[in-house]
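Written below as structure tokens is the structure these notes are about.
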Amino acid sequence: MATLNIVQAVKRALDEEMARDERVVVLGEDVGKRGGVFLATEGLYQKYGPDRVIDTPLAEAAIIGAAVGMATHGLRPVAEIQFADYVFPGFDQLVSQAAKLRYRSGGQFSAPMVVRMPSGGGVKGGHHHSQSPEAYFTHTAGLKVVVPSTPTDTLGLLKTAIRDDDPVVFMEPKRLYRAIKEEVPDEEFTIPLGQARIRREGTDLTLIAYGGPTVEALKAADELTKAGVSAEVLDLRSLVPWDKETVLNSVAKTGRALVIAEAPRTASFASEVAATVMEELLDQLMSPVYRVTGFDTPYPYVPDREYMPTVTRILNFAKKALDY
Amino acid sequence: MIKDTWRFEPFNEEPIRLIDEEGNWIGEFDLDLSDQELQELYRHLVRGRLLDERYQIILRQGKTSFVAPSAGHEGAQVGLAKAVRPGFDWIFPYYRDKTLLATLGYPVELLYAQMMATRLDPNKGRQMPEHPGLRELNVFTVASPIASHAPPAVGAAISAKIQGTGQVVLTTFGDGATSEGDWHAALNFAGAQGAPIVFAAENNRYAISVNFEKQSGSPRIADKAHAYGFPGYQVDGMDVLASLYVAREAVERARQGLGPSLVEFLVYRYGPHSSADDDRVYRSREEVEFWRKKDPILRFERFLEKRGLWTPEAGEKLREEVKAELLAAEEKAEAAGPVPPEWMFDDLYSTPYWLLEEQRGILLAEL
Ligand SMILES: Cc1ncc(C[n+]2csc(CCOP(=O)(O)OP(=O)(O)O)c2C)c(N)n1
């Protein structure tokens, strides 16, 4: 077993998939000799050459748009957007072209492609290097949206995303890139999209998280244990498709839930999960489902960490739910 | 970069023209098309014009909800269609290209099926009229957001280059499209990659009501190719032979690995922007008449007549034949019947999703 962090897991997934299938190509800004600004494509250019690891002009519309054309023409492009905050110049290509191609052509054309992007805060980057824009994509029918939080999940889910026949937005919580290391099996494996992972079992309260704040959810669960409260922690991992069944089973058992995410609260994916749980389990709930999220402000440079759902914020809302 | 054998100089001062307005050949090389090929071009011009006229009729009959008139664009569109290899090369068209697609071999009944959203439409009625697409012919389904198909076209061209398929990509768009960021991003990337692609501007001088002077400070779209490092040509797009020869050269350059070109076709749309537009508020009838006199079909008739290849009677006979063909296609498309509402949930993802099945249930309960 090798010990990998999340960036290394991304790199291994790309390498394995490029070796397995010569249709897989990587494109983006600085992905070539530089290996990407976070080094997620390090060494791939040297191994696979300039036709398969393509340094693009600095234009996200060109990167995502060209990926659509490559995909429909027979390649399996993996586009890197340097920061999720810079996806917006290519937003139209994702929303108008990638997301709708299969649908609007009646299934004649498709865009099997992945758009990877480091997302989320905690890196002292201010609002243009820290956002979590997943709700724009979960709100767009036709895109799949995946947000891993561990090296193992990153590896298994990215490989699945590359093999998937639909466009997948793959958001990598950048503050965890090198913060988490774990042993990852050497043999090849994939993880299906649309399955939440039970990170920790519990009986009193369900903490539903994804991406970066999964870490804080686990820490909060530790604190709750000390206070005699048994919290179950779910990592959604995939937002489209999302695993309603696992979520409902857990909350039906615990009767209380917090949905924890870094993105601003209004019209967020956390709101979607909270609303669904309340619609379907109203009579089994012992408290409202609370959303524990980033604030409805731009992501400030200072304070950097306090914008995100901190352990304290999670515990405050847990208390509210338990005291309800 | 341009080999001696290439006929046309890029960044020409005057639009490239091979037939003058009296129908005389003014090319500086020998025409290498057979009489039969010339008559074939004529048939496609007429067919495109009549198809456009028939669309107006089905609009009035309430069988469709929207038409984007293409009369005046036929010279450029027939030239472009005849310059590529149908079903091998890839086409990324826009909504005003019915003549291009019909000439390419897009079955007319399928064009009608798209216009009327019947079951015969391979796009399953998901898009508004004038937005066709056909996988078998490598015709990328038209999208409304202006110029948004240009970056995907470049991606397909890069893919063809990487895979060494020998295919060329052709993408068309209006003059307004050349102002969009996606358009610049696409041409810039194509230039950097030397991608096998032809960018074809159908410059009818208007983007709805906005004329080209307001669209850009540069007098010619073709000149913009300078900035991306590849040749730009301006062509009289109401001259079908000039359109064909220049398009062919651009396609051949791409096929030989010499990279992209930008070809600007000067055309004019006689009708309003669409069936939802009233062009009388932004241009005079005199202006429209001026351009109608340069009509690509009339001009080509004069050309053919001088060669003994056209008479008014032969023209009339052809029109009747084409009308019958179009009517049969329309009937076939209509007979397929409307797309059922529950098709709404198909083809979104390659894999089933519980969420959509739940919503399908909501819809079915309403029907
Ligand atoms: C991104 C975008 N903005 C606005 C529109 C609305 N719109 C549809 S057609 C059109 C004019 C396009 O003009 P041009 O590119 O010159 O093509 P033409 O219609 O003249 O052939 C506009 C503004 C659109 N479809 N997409």
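The values are calculated or read from the model by the stated rules, or taken from the named source; none is laboratory data. Predicted model only: the values in this text are computed from it and were never measured. All Cβ positions, glycine included, derive from the backbone under ideal geometry; neighbour counts span all protein chains shown. Protein only, heavy atoms only, side chains kept; ligands, DNA and RNA dropped before computing areas. Shrake-Rupley method; radii C 1.70, N 1.55, O 1.52, S 1.80 Å.
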Query - When residues of segment B:162-205 are limited to those that are among the aliphatic types (A, V, I, L, M) and surrounded by fewer than 22 Cβ atoms within 10 Å (Cβ to Cβ), the one nearest to the ligand (Cβ to nearest atom) - result: B:192
Report task. Scan segment A:39-64 and report the pairs whose first residue is at pLDDT 95 or above and whose second residue is open to solvent by 20 Å² or more (accessible area, probe 1.4 Å) and among the basic types (Lys, Arg), with Cβ atoms within less than 7 Å and a gap of 6+ or a chain change. Result -> A:40/A:11; A:41/A:11; A:42/A:11; A:45/A:33
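Output the residues belonging to segment A:95-116 that are among the hydrophobic types (A, V, I, L, M, F, W, C) and either open to solvent by less than 10 Å² (accessible area, probe 1.4 Å) or outside the structural domain of residue A:169 (by TED's automatic domain parsing) (or both).
Step one: list which residues in segment A:95-116 are among the hydrophobic types (A, V, I, L, M, F, W, C), which gives A:95, A:98-99, A:101, A:109, A:111, A:113-115.
If the condition is that a residue be among the hydrophobic types (A, V, I, L, M, F, W, C) and either open to solvent by less than 10 Å² (accessible area, probe 1.4 Å) or outside the structural domain of residue A:169 (by TED's automatic domain parsing) (or both), then A:98, A:99, A:101, A:109, A:111, A:113, A:114, A:115 are the ones that fit.
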Query raised in the report: Looking at segment B:116-145, which of its residues are farther than 22 Å from residue B:337 by Cα and either within 15 Å of the ligand (Cβ to nearest atom) or more than 7 Å from every other protein chain (Cβ to nearest Cβ) (or both)?
Result: B:136, B:137, B:138, B:139, B:142, B:143, B:144, B:145
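Do we find a residue being at the interface with chain A (Cβ under 7 Å from one of its Cβ atoms) and among the aliphatic types (A, V, I, L, M) anywhere in segment B:165-177?
In the first step, residues of segment B:165-177 are kept if they are at the interface with chain A (Cβ under 7 Å from one of its Cβ atoms); the result is none.
Looking for residues that are at the interface with chain A (Cβ under 7 Å from one of its Cβ atoms) and among the aliphatic types (A, V, I, L, M), one finds none in segment B:165-177, hence no.
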Report summary line: Residue set B:200, B:156; condition touching a strand residue (DSSP E or B) at 6+ places or on another chain (Cβ under 6 Å), in a helix (DSSP H, G or I) and of a type in the set (A, V, I, L, M); output residue B:156
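Going by the conditions given, is residue A:103 hydroxyl-bearing (Ser, Thr, Tyr), assigned to a helix (DSSP H, G or I) and within 11 Å of chain B (Cβ to nearest Cβ)? Explain how you work it out, then say what you get.
On the way: hydroxyl-bearing (Ser, Thr, Tyr): yes; assigned to a helix (DSSP H, G or I): yes; within 11 Å of chain B (Cβ to nearest Cβ): yes.
Yes: the conditions hold for residue A:103.
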Query raised in the report: Which numbered condition trips up residue A:189, out of (1) touching a residue at least 24 places away in the same chain (Cβ under 8 Å); (2) surrounded by fewer than 24 Cβ atoms within 10 Å (Cβ to Cβ); (3) touching a strand residue (DSSP E or B) at 6+ places or on another chain (Cβ under 8 Å); (4) closer than 27 Å to residue A:3 by Cα?
Result: (3)
**Report entry** Any hit, segment B:27-42, residues being closer than 15 Å to residue B:322 by Cβ, open to solvent by 20 Å² or more (accessible area, probe 1.4 Å) and not hydrophobic (A, V, I, L, M, F, W, C)
**Finding:** yes
Query - Residue among B:299, B:292 that is assigned by TED's automatic domain parsing to the domain that holds residue B:186, touching a residue at least 24 places away in the same chain (Cβ under 8 Å), open to solvent by 50 Å² or more (accessible area, probe 1.4 Å) and within 27 Å of residue B:39 (Cα to Cα) - result: B:292
Query - Qualifying residues in segment B:92-111 (those that are away from the ligand (no atom under 16 Å from the Cβ), in contact with a strand residue (DSSP E or B) (Cβ under 8 Å, 6 or more places away or on another chain) and outside any loop (DSSP other than H, G, I, E, B)) - the one farthest from residue B:60 (Cα to Cα) - result: B:104
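Being within 16 Å of the ligand (Cβ to nearest atom), crowded, with 22+ Cβ neighbours inside 10 Å and not in a loop (DSSP other than H, G, I, E, B) is the requirement here; does residue B:151 meet it?
Yes.
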Query raised in the report: Only one residue in B:208, B:221, B:297 is more than 14 Å from chain A (Cβ to nearest Cβ) and more than 15 Å from the ligand (Cβ to nearest atom), so which one is that?
Result: B:297
Query raised in the report: Within the set of pairs 6+ apart or on separate chains, which have a first residue in segment B:191-214 that is more than 20 Å from residue B:250 (Cβ to Cβ), a second that is of a type in the set (Gly, Ala, Ser) and not in a loop (DSSP other than H, G, I, E, B), and C-beta atoms under 7 Å apart?
Result: B:207/B:174; B:207/B:176; B:210/B:176
Report task. Would you check which residues across segment A:73-94 are open to solvent by less than 10 Å² (accessible area, probe 1.4 Å) and within 11 Å of chain B (Cβ to nearest Cβ) and list them? Result -> A:75, A:77, A:79, A:90, A:93, A:94
Query - Condition check for residue B:265: surrounded by 22 or more Cβ atoms within 10 Å (Cβ to Cβ), within 14 Å of another protein chain (Cβ to nearest Cβ), of a type outside the set (D, E, K, R) and within 14 Å of the ligand (Cβ to nearest atom) - result: no
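Restricting attention to segment A:108-115, does a residue exist that is at positive phi and either touching a helix residue (DSSP H, G or I) at 6+ places or on another chain (Cβ under 6 Å) or at pLDDT below 95 (or both)?
First, pick out the residues of segment A:108-115 that are at positive phi: none.
No.
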Query raised in the report: Residues B:43, B:60: which one is closer than 11 Å to residue B:102 by Cβ and either in the same structural domain as residue B:199 (by TED's automatic domain parsing) or aliphatic (A, V, I, L, M) (or both)?
Result: B:43
Query raised in the report: Looking at (1) in contact with a strand residue (DSSP E or B) (Cβ under 8 Å, 6 or more places away or on another chain); (2) within 7 Å of chain B (Cβ to nearest Cβ); (3) not in a helix (DSSP H, G or I), which is the only condition residue A:70 fails?
Result: (3)
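Out of all the residues in segment B:224-240, which are within 15 Å of the ligand (Cβ to nearest atom) and in contact (Cβ under 8 Å) with a residue 60 or more places away in the chain? Spell out the reasoning first.
To start, the set of residues in segment B:224-240 that are within 15 Å of the ligand (Cβ to nearest atom) comprises B:224, B:237-238.
B:237, B:238, listed by residue number.
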Report task. Answer yes if at least one residue in segment A:35-55 is within 14 Å of chain B (Cβ to nearest Cβ), part of a strand (DSSP E or B) and open to solvent by 10 Å² or more (accessible area, probe 1.4 Å), and no otherwise. Result -> yes
Query raised in the report: residue B:257 versus (1) open to solvent by 10 Å² or more (accessible area, probe 1.4 Å); (2) within 12 Å of the ligand (Cβ to nearest atom): which is the lone unmet condition?
Result: (2)
Requested in this report: Please go through segment B:308-322 and pick out each residue that is touching a residue at least 60 places away in the same chain (Cβ under 8 Å) and open to solvent by 50 Å² or more (accessible area, probe 1.4 Å).
Outcome: B:319
Report task. Restricting attention to segment B:88-110, report how many residues are closer than 24 Å to residue B:161 by Cβ and within 14 Å of another protein chain (Cβ to nearest Cβ). Result -> 7
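Do we find a residue being of a type in the set (Ser, Thr, Tyr) and either out of contact with any Asp or Glu (no Cβ under 9 Å at 6 or more places or on another chain) or at pLDDT below 95 (or both) anywhere in segment B:190-210?
Let us first name the residues in segment B:190-210 that are of a type in the set (Ser, Thr, Tyr), namely B:206, B:209.
Subset that is either out of contact with any Asp or Glu (no Cβ under 9 Å at 6 or more places or on another chain) or at pLDDT below 95 (or both): none.
No, every residue in segment B:190-210 fails to be of a type in the set (Ser, Thr, Tyr) and either out of contact with any Asp or Glu (no Cβ under 9 Å at 6 or more places or on another chain) or at pLDDT below 95 (or both).
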